[in-house]
Amino acid sequence: MILDNNKRNPSSITPSEITPREIFENRRQFIKNAGLGLAAGALSTSLLSQAATVVGGDTKGDGVLIGRANAKKQVAKTGNTQKLPAFKKTSYGADEKLTKYEDVTTYNNYYEFGTDKSDPAIHSTLFKPRPWTISIEGEVKKAKTISIEDFLKLAPLEERIYRMRCVEGWSMVIPWVGLPLASLVKWAEPTGNAKYIEFISANDTLTMPGVRVPVLDWPYVEGLRMDEATHPLTLLAVGLYGEVLPNQNGAPVRLVTPWKYGFKGAKSIVKIRFVEKMPVTTWVKAGPSEYGFYANVNPFVDHPRWTQSSEKRIGAGLFAGRIKTKMFNGYDEVGQMYAGLDLRKHF
Ligand SMILES: Nc1nc2c(c(=O)[nH]1)N[C@H]1C(S)=C(S)[C@@H](COP(=O)(O)O)O[C@H]1N2
Ligand SMILES: [Mo]
């Protein structure tokens, strides 16, 4: 949503009339949270419009279904003109049933463009993923700015089909194209002091309407421990479905760590900083009791608002049951990195 896109007089309509029950209930939850002085948590719907209401802005008159329909229209209209360089196929996820392109690109969390799932597809059209540079900073020998073109030459591009599990209890299967973060780390030549890597997303008030609203502490920051960053599964994605990454999925480059909750995957990265101390990441800052630095998918540690023992596969249909969530989202090979770490405490 955009704050001024609704010319209707909100006072003539009550929220229970204009929104589905789910949104109405979430709004009440939001108001409760706001009353507690909590920063906005990852509520599943409509937070930005609620925030706008709270700060005296306009309310949005459409519901989730209309939003999704508009997002789908937008995706059908824009398409992708840019071409992705050649990439090689891999065996990752070869046996998975892919989530439809239409769902992957219209059901997004990207709060810089709004907090409804359909907002990123609709409101990211002014965002410009080219020209683009990534600034490499901190504890590295090659502290310099790299263009997206040079970045793409660091290693051959690969297609990897990964499951993605959001902390809100839904999941998708996405065919990413990208290169291992490990190749950038190697190129940057970290010093012995580099223990963690911090990823900083774009924060452009002109083209990202969501950053004008303080639902999160902008810019969006994420981080990984060095061994997680150089793990072979960790990808910097530049494409999906064999095409250039759409803006709503984090163009031109975003992080993908399939054994962690989706929020670890910082989008539209402008800075990669090598640091000695564990970064304070955006969601940890917003709610340290709800979101941890590690954020490993863990069916045994629930989030206060969402069970983590099962998940809803997006696009599976109305009558599909929930799927059992697996430890590390089924990527058992990462387990050894956490030997000796209490994953209840370090969630
Ligand atoms: N900069 C930024 N990155 C972000 C987010 C965001 O709001 N801002 N949302 C996160 C969350 S909660 C999820 S689930 C994934 C969603 O990625 P997708 O839209 O490509 O499926 O992006 C993550 N990366
Ligand atoms: Mo998420």
Q. How big is the Rg/Rh ratio for region 242-293, C-alpha atoms only, Rh by Kirkwood, two decimals?
A. 1.01
Q: Find how many whole Å separate the alpha carbon centroid of region 320-334 from the alpha carbon centroid of region 284-313.
A: 14 Å
Q: Using 0.36 nm per residue of separation minus the Cα-Cα distance, give me the extension gain between residue 217 and residue 276 in nm, one decimal.
A: 19.0 nm
**Q.** In range of the label at residue 101: residues from region 199-243 whose backbone nitrogen is under 11 Å from the point 7 Å along Cα→Cβ
**A.** 240-243
Q: Assuming a ≥ b ≥ c are the square roots of the Cα gyration tensor eigenvalues, decide whether region 168-263 counts as rounded (a/c under 1.5), prolate (otherwise, with a/b larger than b/c) or oblate.
A: oblate
Q | Where 259, 187 fall by accessible area, highest first, once all protein chains stay in place (1.4 Å) | A | 187, 259
(Q) What does the net charge come to around residue 232 if you take all other residues with beta carbon closer than 14 Å to its beta carbon, with K and R at +1 and D and E at -1? (A) -3
Q.
Sorted from largest to smallest, which semi-axis lengths in Å does the alpha carbon gyration tensor of region 217-347 give for its equivalent ellipsoid, taking the root of 5 times each eigenvalue?
A. 22, 21, 15
Q: Work out the length of the dipole vector of region 71-115 about its Cα centre, built from +1 on the beta-carbon of each Lys and Arg and -1 on the beta-carbon of each Asp and Glu, and round it to the nearest 20 debye.
A: 260 debye
Q: Please go through the residue pairs 83/267; 186/326; 271/312; 73/264; 73/324 and name each one whose alpha carbons sit more than 26 Å apart in this structure.
A: 186/326; 271/312; 73/264; 73/324
Q. Given 0.36 nm per residue, what is the gain on full extension from residue 94 to residue 142 after removing their alpha carbon distance, in nm?
A. 13.7 nm
**Q.** region 219-347, accessible area per residue, ligands and nucleic acids excluded (1.4 Å, Å²)
**A.** 40 Å²
Q) Cα to Cα, under 17 Å, and not fewer than 8 places away if on the same chain: which lysines meet these conditions relative to residue 88? A) 153
Q: Sort out for me the Cα centre separation of region 106-185 from region 197-263, rounded to whole Å.
A: 5 Å
Q | List 225, 130, ordered by accessible area with a 1.4 Å probe, largest first | A | 130, 225
Q: Quick one: which residues, 5 or more positions from residue 92 or on another chain, have an amide H under 5 Å from its amide H? H modelled 1.01 Å from N in the peptide plane, none for Pro or chain starts.
A: 161
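The values are calculated or read from the model by the stated rules, or taken from the named source; none is laboratory data. The structure displayed is predicted, hence computed values, not measured ones. Here the Cβ is made from the backbone with ideal geometry for all residues, glycine too, and neighbour counts use every protein chain on show. Protein only, heavy atoms only, side chains kept; ligands, DNA and RNA dropped before computing areas. Shrake-Rupley method; radii C 1.70, N 1.55, O 1.52, S 1.80 Å.
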